[in-house]
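The values are calculated or read from the model by the stated rules, or taken from the named source; none is laboratory data. This one's a predicted model, so the numbers in the text were calculated from it and none came from an experiment. Positions of Cβ are backbone-derived with ideal geometry, glycine not excepted, and every protein chain shown enters the neighbour counts. With ligands, DNA and RNA removed, areas are computed over all heavy atoms of the protein, side chains included. Shrake-Rupley method; radii C 1.70, N 1.55, O 1.52, S 1.80 Å.
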Amino acid sequence: MRNNIKFLDSPELSNIVELRSVSQVYGSKDGPVTVIQDLNFLIEDKPNQGQFVTILGLSGCGKSTFMRYIAGLQTPTSGEVFLRGEPRHTQPPVSMVFQKYSSLEWRTVLGNVMLPLELRGVPQKEAKELAMAMIDRVGLLGHESKYAQHPLLSGGQLQRVAIARSLVFQPDIILMDEPFSGLDVVTRYHMMELLTKLWEEYQPTIIFVTHDPIQAVFLGDDIYIMAPSPGRIVEHIPVDLPTFGRNRDTMREGRFNELVLEVTDALYRTPQDAVRGDEK
């Protein structure tokens, strides 16, 4: 069984997200069940640019639990979680875009995007101006008065609302848990291109969970593979493509397709390694 990746903490760079020896154990009628074990993870600040990290793994490897730790929605059984060098429980909430549509159906598109600003006490006029600018940025201008629900908005439009809501107060960290999984192929690619453009403009740190190697390579600068039984990070694949300016032409490049195959092979290896590990 492959060991957890050893992360080297560079003293000249500040840490954005760090998980130290995190484990999660649940009780069951058959005794304790360990779903994540001794997981270590580190994102360091790169000068003058944001970070885009993608996490891949099979169902049940603990990807969503991993994200809940960073979001502050769950506390690990053991280990520590830090944001910007401070314990997670002392930090304000980070933005999170979920797999399922999370907009408030009783609020309009504008009302949903304004919500984080309202909660932070931004004056109404300023909040509306900021929200409208972000609605325009994600291509929803003209839809701001519609309620954020089907069938008034499509799935892609609802995810644009969620992304606009996450970006409107310019957070340092955005978590995205398979946000495009329910979209058709063409809409998914449009959303991927939109997300790269928004990331280049605002440059937050984005941690993006996906099952799709193509998404992982197109969006990320660093890819981490998680294995199950118990959940742990087993591979790190740097994406040596240009950081900015990725588009559909990027997917035609030889190196892009080499990386997709490399990530796919890594995913195929993880269940076999997990089985071998359980047998030992």
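Surface composition of the chain: carbon plus sulfur atoms hold 52% of the accessible area, using a 1.4 angstrom probe and ignoring ligands, DNA and RNA. Where in the chain is the longest stretch that carries no GluC sites (Glu not before Pro) classed as loop by DSSP and with at most 15 other Cβ atoms within 10 Å? Result for the longest clean stretch: 106-252. Among Gly142, Gly50, Gly27, the largest mean-square fluctuation in a Gaussian network model of the chain, built with springs joining Cα atoms closer than 10 Å, belongs to Gly27.
Take the Cα atoms of region 135-223, build their convex hull, and give its volume per residue in Å³. Can you show the working numbers first?
Details: hull volume 8.4 nm³, N = 89.
Enclosed volume per residue, from the Cα hull, is 95 Å³.
How many angstrom separate the Cα center of region 216-233 from the Cα center of region 145-161? First find each Cα centre; the distance between them is then 30 Å.
Under a 5 Å amide H cut-off, with hydrogens placed 1.01 Å from N, Glu235 pairs with Ile225 among residues at least 5 apart or on other chains.
The string of couplings for region 44-56 from the Karplus curve (6.51, -1.76, 1.60, θ = phi - 60°) is 9, 6, 8, x, 6, 7, x, 10, 10, 10, 10, 10, 10 Hz, one whole number per residue in order, with x for Gly and Pro.
For region 141-280, the alpha carbon positions stretch 59, 32, 29 Å along the principal axes, listed from largest to smallest. For region 261-266, backbone phi angles converted through the Karplus equation (6.51, -1.76, 1.60; θ = phi - 60°) give residue-by-residue couplings of 5, 4, 5, 4, 4, 5 Hz, Gly and Pro being listed as x. Residues whose amide H lies under 5 Å from that of Met96, counting only those 5 or more places away or on a different chain, are Leu175; hydrogens are built 1.01 Å from N in the peptide plane.
Applying both filters, DSSP loop and at most 12 other Cβ atoms within 10 Å, to the trypsin sites (Lys or Arg not before Pro) of region 112-168 gives Arg120.
Candidates Gln149, Ile16, Val217 compared by Cα position along the dipole of the chain: farthest toward the positive end lies Gln149, with charges placed on Cβ. Please identify the chymotrypsin sites (Phe, Trp or Tyr not before Pro) of region 1-80 that satisfy two criteria: DSSP loop assignment and at most 14 other Cβ atoms within 10 Å. Which are they? Here no chymotrypsin sites (Phe, Trp or Tyr not before Pro) fit, given the DSSP loop and packing criteria.
Across region 177-190, coupling constants 3J(HN,Hα) worked out from phi with the 6.51/-1.76/1.60 Karplus curve, θ = phi - 60°, read 9, 6, x, 10, 5, x, 9, 5, 4, 5, 4, 4, 5, 4 Hz, and Gly and Pro carry x.
In square angstrom, what is the accessible area per residue of the chain with a 1.4 angstrom probe? Write out the running numbers ahead of the final one.
Values: 13460 Å² over 280 residues.
On a per-residue basis, 48 Å².
A DSSP coil position with no more than 12 other Cβ atoms inside 10 Å describes the following chymotrypsin sites (Phe, Trp or Tyr not before Pro) in region 171-249: Phe244.
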